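Single-structure report; data block below.
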Amino acid sequence: MPARSAVRAKAAAKPKTKTDPKLGALPEWNLDDLYAGMDDPALKRDLDRGDADCLAFESEFKGKLADLAGQGGARLAEAVKRYEAIDDLLGRVYSYASLLYAGDNSDPARAKFYGDVQERITNASIHLLFFTLELNRIDDAVLDAAMADPPLGHYRPWLEDVRKEKPYQLEDRVEQLFHEKSVTGYSAWNRSFDETIAALRFKIGGKDMPIERTLNLLQDADGAKRKAAAEALAKTFKANMRPFTLITNTLSKDKEISDRWRGFKDVADARHLSNRVEREVVEALVEAVRAAYPKLSHRYYALKAKWFGKKALPHWDRNAPLPKVPQRTISWTDARSTVLTAYGAFSPKMAEVADDFFEKKWIDAPARPGKQPGAFAHPTVPSAHPYVLLNYMGKPRDVMTLAHELGHGVHQVLAAPNGPLMAPTPLTLAETASVFGEMLTFRKLLAETKDAKQRKAMLAAKVEDMINTVVRQIAFYSFERKVHLERRNGELTADKICELWMSVQSESLGPAIELKPGYETFWCYIPHFVHSPFYVYAYAFGDCLVNSLYAVYEKSASGFAERYLAMLAAGGTKHHSELLAPFGLDARDPKFWDGGLSVVAGLIDELEAIDQKG
């Protein structure tokens, strides 16, 4: 059976360190801490155990939760602990399958394994569906009395979050149908998108390139390469408009059906609920950012166009490095040292946690054909540890991405002791640690840079990152809203989606960025639109929040790092208002967002002042 032997060999392969002449040795992650391979007997045992545990849990507790709560909190706490243990077990298996698949979306063996695991876990977890539904049928007074017992009181933050879902939950059989259909519904379309993107090739200079390397060329110092990359992206995207349009229409409709059945009024209300953030807070953020477009992105891109000797830049020059500034490639060793030193200067504990990712091979750094584009930090489960995926190519932005993802990783490690149910942090606050990690790294590099040209280039790069994190993500959010609202009136053509994309892009980028033909297709590769509808505002939330936090840090005499790490360690046990109170911050105050945005405007002021001196 040669095919099976090949699969075994590939699955059991140990992590390698890929050496690049310019970048040095790039690590590939070691997933053995989860499982040794797709055919690891421990994985099969855990899947079988998961099936048995789910059935036993349903048999023992279904229909009995109200009675258990009436007897006090101890017995109900036992049920929650059992539920939590199963969550950790199934989460470990699913995390392994997800990470293996992310390493190479184009490998048929990995794709089948990922699909099979997803299906198996969906089938097993059907027997757990009753639990949160039934918890929400317990009388509030009875549950409150039961939570007075410390064993159940420990889980109060999770139980209170579950109660927030109560108005939107459906009858048990309908919930089961939604759950089972997810494998052939949105999950299947998510996978179709991933595999389509991974298979795309972009012809540049006679070579076929994968998407990550092609996108990387948009930051190349050579303007001809940037233009060629943009045109290649547009050509391939245009040739694949049909599948991307179908995926977008199908997922938008799928979400509309779910929202309608559950009773969500606004297209983004489900996301706000899962983020534990009020709609009014998000609306205030969006309004503040859109009002700031002229003083942020419009002003900065006009300044950048002037540096290039133009009135307006073509869209492929938006993230171009500054002219006449030498571009250096940053080795992996230097990137590691830079981030860890910046983290260590803030908090030795933070650097110590981050160093584990390097030492214990929790990072997959090289760009490879078939590998998932972009970067992420996957928390896996509290009984294991997080992993980080990058596509590291030695650009300064790649160092910031490393700092960003390690911020997530540190957050996930510190929050893990809260357990599987309370370690996860709402997306709005999940982006806080990542953006703060970037800010620490940037400030360290800037303080060490004495050369005027390099300093200007660093400030410009940071402004661009902030614009990409705040302005661009709010524009993405506005685009998503337009798409989902329009979809309620019927299916959208590719031309209509492109038109909506161009409307928000021209508004957010301003007159100094010329959107050339082909740019209308650039919506189709953004994974957040597919995997996590309305996720994107969390980036802007996190950036503005970090700007405000950093201002507090710069003014504080001592104790800030301890308060900050305590905030991260809280995981999902507290609302954003509780977490920010020790820093004197309140995201519900409309003026809060103006403070964060003024930091970006201040950096642009600094760039204008440098120009005037020059």
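Of all residues in region 142-187, those satisfying the criterion of being over 27 Å from the mean Cα position of the chain (by Cα), exposed (fewer than 15 other Cβ atoms within 10 Å of the Cβ) and charged (D, E, K, R) are D144, E171, D172, R173.
Just one of (1) open to solvent by less than 20 Å² (accessible area, probe 1.4 Å); (2) in contact (Cβ under 8 Å) with a residue 40 or more places away in the chain fails for S383. It is (1). G407 fulfils the conditions (1) within 25 Å of P533 (Cβ to Cβ); (2) assigned to a loop (DSSP other than H, G, I, E, B); (3) not aromatic (F, W, Y) except for a single criterion, (2). Looking for something under 16 Å from the mean Cα position of the chain (by Cα), more than 13 Å from V339 (Cβ to Cβ), open to solvent by 10 Å² or more (accessible area, probe 1.4 Å) and modelled with pLDDT of 95 or more - is there at least one such residue anywhere in region 360-372? Within region 360-372, not a single residue is under 16 Å from the mean Cα position of the chain (by Cα), more than 13 Å from V339 (Cβ to Cβ), open to solvent by 10 Å² or more (accessible area, probe 1.4 Å) and modelled with pLDDT of 95 or more. Of all residues in region 325-346, one or more are open to solvent by less than 30 Å² (accessible area, probe 1.4 Å), touching a strand residue (DSSP E or B) at 6+ places or on another chain (Cβ under 7 Å) and either assigned to a loop (DSSP other than H, G, I, E, B) or closer than 30 Å to N489 by Cα (or both). When P582, P533 are checked against the criterion of being farther than 30 Å from K311 by Cβ, touching a Lys or Arg at 6+ places or on another chain (Cβ under 7 Å) and open to solvent by 60 Å² or more (accessible area, probe 1.4 Å), a single residue qualifies: P582. For region 328-343, the criterion of a residue being touching a Lys or Arg at 6+ places or on another chain (Cβ under 6 Å), in contact (Cβ under 8 Å) with a residue 24 or more places away in the chain and under 28 Å from G559 (Cβ atoms) is satisfied by at least one position.
Of the helices (runs of 4 or more DSSP H) that lie entirely inside region 188-268, those containing 1 or more residues that are open to solvent by 40 Å² or more (accessible area, probe 1.4 Å) and of a type in the set (A, V, I, L, M, F, W, C) span 223-239, 241-262.
K304 satisfies every condition listed in (1) in contact (Cβ under 8 Å) with a residue 12 or more places away in the chain; (2) open to solvent by 40 Å² or more (accessible area, probe 1.4 Å); (3) assigned to a helix (DSSP H, G or I) except (2).
Can you confirm whether A566 is more than 27 Å from E352 (Cβ to Cβ), out of contact with any strand residue (DSSP E or B) (no Cβ under 8 Å at 6 or more places or on another chain), open to solvent by 40 Å² or more (accessible area, probe 1.4 Å) and part of a helix (DSSP H, G or I)? Step through it out loud before you land on a result.
Numbers: more than 27 Å from E352 (Cβ to Cβ): no; out of contact with any strand residue (DSSP E or B) (no Cβ under 8 Å at 6 or more places or on another chain): yes; open to solvent by 40 Å² or more (accessible area, probe 1.4 Å): yes; part of a helix (DSSP H, G or I): yes.
For A566, the condition - more than 27 Å from E352 (Cβ to Cβ), out of contact with any strand residue (DSSP E or B) (no Cβ under 8 Å at 6 or more places or on another chain), open to solvent by 40 Å² or more (accessible area, probe 1.4 Å) and part of a helix (DSSP H, G or I) - is not met.
Search region 275-299 for residues that are of a type in the set (F, W, Y) and pair each with any residue that is not in a helix (DSSP H, G or I) when their beta-carbon atoms are under 9 Å apart and the residues are at least 6 apart or on different chains. Filtered contacts from region 275-299: Y293/G510. Listed by first and then second residue, the pairs linking a residue in region 172-187 that is more than 18 Å from K62 (Cβ to Cβ) to a residue that is among the aliphatic types (A, V, I, L, M) and in a helix (DSSP H, G or I), with Cβ atoms under 7 Å apart and 6 or more places separating them unless they lie on different chains, are Y186/L251. When the residues of region 439-456 are filtered to those that are open to solvent by less than 20 Å² (accessible area, probe 1.4 Å) and of a type outside the set (S, T, N, Q), the one that is nearest to the chain's Cα centre (by Cα) is M439.
The values are calculated or read from the model by the stated rules, or taken from the named source; none is laboratory data. Here the structure is a predicted model, which means the values were calculated and not measured. Neighbour counts are summed over all protein chains in view; Cβ atoms, including those assigned to glycine, are modelled from backbone coordinates with ideal geometry. Surface accessibility is based on the protein's heavy atoms, side chains included, excluding ligands, DNA and RNA. Shrake-Rupley method; radii C 1.70, N 1.55, O 1.52, S 1.80 Å.
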